[in-house]
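Enquirer: Sharing a structure with you now.
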Amino acid sequence: MNGLPSIIVMTGDGLRHRFFVNHLVKNLNIIGAVFEMKSSLPRSKDKESNEIITKHFRERDKTEERYLGSNDKFLIPLSNILEVQTGESNSPAVAKWVNKHNPDYIILYGTSIIRDPLFSLFKERIINMHLGLSPYYRGAGTNFWPLVNREPECVGATIHLAALEVDSGPILAQVRPNPEVKDRCHDLGCKTIIAGTELMPRCLLNYHYKKLIPKLQTEKGYLYRKRDFNAEAVKKMWQNFDKGICLLYTSPSPRDLSTSRMPSSA
């Protein structure tokens with residue numbers, strides 16, 4: 001796309017990640033993509049706990065198919081795609097591949113935390129979409145834990161500059177989903193993915209054209225790790241929905257919580 005900054009996307013290999021990349025390809029100048037294989041699902045030694053966790057993720061997959069479509073084909077040439085194993089996004093080989101393409105920006109979604117050498121090479125030019133409202137929820141499962149803690153208003157997506165500390169970079173924009181009373185956990189999750197994905201192109205272009213000022217994060221909030229996730233938390237979240245957690249929070253439309261005024265179009 002003539003006149004637009006060139007971009008490499010670094011993301012995962014799931015349906016939500018393919019949806020994200022294909023949307024960006026339609027709206028930005030995507031010149032390549034790095035897909036990091038995701039780690040296996042969490043498991044427990046307890047049979048009942050495993051069944052609860054398996055059901056949770058099976059329902060997630062079915063809901064994502066309903067909201068995000070198949071997206072089984074990438075709208076990007078295979079020659080411009082690099083696939084890596086879990087945790088290898090920071091390898092010298094990836095840095096060399098990305099640097100060879102010499103993008104103006106790197107967009108992240110669902111990868112390992114990016115460190116050197118990429119972080120230093122593209123400092124303030126790496127933009128991450130974090131599923132969660134920073135700084136209130138950072139780390140892993142950040143749209144899951146607000147529902148466990150009965151804080152549905154903290155479900156959303158944050159677009160921010162990458163930092164070495166997890167989800168702590170200056171914020172460019174935030175968005176919440178449009179909840180309905182009948183929604184369950186994965187409905188809210190998919191609506192957030194769609195809202196954040198649709199916001200990303202406008203957010204990046206406004207940052208590129210200096211129409212958007214990043215806002216430093218000053219609060220810490222909750223930090224959850226993958227090891228915190230367990231069957232008891234899933235059961236508590238289900239119980240919250242059975243008790244009508246979505247009645248606690250509704251809004252007429254996804255709310256753009258940008259840290260500075262953004263024009264309606266780039």
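Enquirer: For the condition outside any helix (DSSP H, G or I) and out of contact with any Ser or Thr (no Cβ under 9 Å at 6 or more places or on another chain), what is the one hit in LEU164, LEU147? Spell out the reasoning first.
Expert: Details: LEU147 fails: outside any helix (DSSP H, G or I).
After ruling out the rest, the residue left standing is LEU164.
Enquirer: Could you run through region 132-170 and say how many residues are buried (at least 22 other Cβ atoms within 10 Å of the Cβ) and under 26 Å from SER6 (Cβ atoms)?
Expert: Here the count works out to 7.
Enquirer: Give me the residue from region 222-241 that is assigned to a loop (DSSP other than H, G, I, E, B) and open to solvent by 50 Å² or more (accessible area, probe 1.4 Å) and, out of that set, farthest from GLU59 (Cα to Cα).
Expert: It comes out as ARG225.
Enquirer: State which residue is nearest to ARG227 (Cα to Cα) when the search covers only region 15-38 and only residues that are out of contact with any strand residue (DSSP E or B) (no Cβ under 8 Å at 6 or more places or on another chain) and touching a residue at least 60 places away in the same chain (Cβ under 8 Å).
Expert: The qualifying residue nearest to ARG227 (Cα to Cα) is LYS38.
Enquirer: Failed condition for GLU48, given (1) assigned to a loop (DSSP other than H, G, I, E, B); (2) more than 21 Å from PHE20 (Cα to Cα); (3) of a type in the set (Asp, Glu), with all others met?
Expert: Failed condition: (1).
Enquirer: If you check THR197 against the conditions, is it in a helix (DSSP H, G or I), out of contact with any helix residue (DSSP H, G or I) (no Cβ under 6 Å at 6 or more places or on another chain), of a type in the set (Val, Ile, Thr) and modelled with pLDDT of 95 or more? Walk me through it before giving the result.
Expert: Working: in a helix (DSSP H, G or I): yes; out of contact with any helix residue (DSSP H, G or I) (no Cβ under 6 Å at 6 or more places or on another chain): no; of a type in the set (Val, Ile, Thr): yes; modelled with pLDDT of 95 or more: yes.
No; evaluated as a whole, the condition is false for this residue.
Enquirer: If I filter region 39-64 down to residues being more than 16 Å from PHE229 (Cα to Cα) and within 17 Å of the chain's Cα centre (by Cα), which single residue comes out as most open to solvent (accessible area, probe 1.4 Å)?
Expert: Among them, the one singled out is ASP61.
Enquirer: Right, something else. If you go through region 1-30 one residue at a time, how many are among the aliphatic types (A, V, I, L, M) and either modelled with pLDDT under 95 or surrounded by fewer than 19 Cβ atoms within 10 Å (Cβ to Cβ) (or both)?
Expert: Looking only at that region, the number is 4.
Enquirer: May I pose another question? Among the numbered criteria (1) within 18 Å of the chain's Cα centre (by Cα); (2) open to solvent by 10 Å² or more (accessible area, probe 1.4 Å), which single criterion is violated by CYS203?
Expert: The failed condition is (2).
Enquirer: In region 74-120, which residues are in contact with a Phe, Trp or Tyr (Cβ under 8 Å, 6 or more places away or on another chain) and of a type in the set (D, E, K, R)?
Expert: Scanning region 74-120 gives a single hit, GLU83.
The values are calculated or read from the model by the stated rules, or taken from the named source; none is laboratory data. Just so it is clear, the model here is predicted, and its values are computed rather than measured. Backbone-built Cβ (ideal geometry, glycine too); neighbour counts: all protein chains shown. Quick note on the areas: whole protein, heavy atoms, side chains included, nothing else; ligands and nucleic acids left out. Shrake-Rupley method; radii C 1.70, N 1.55, O 1.52, S 1.80 Å.
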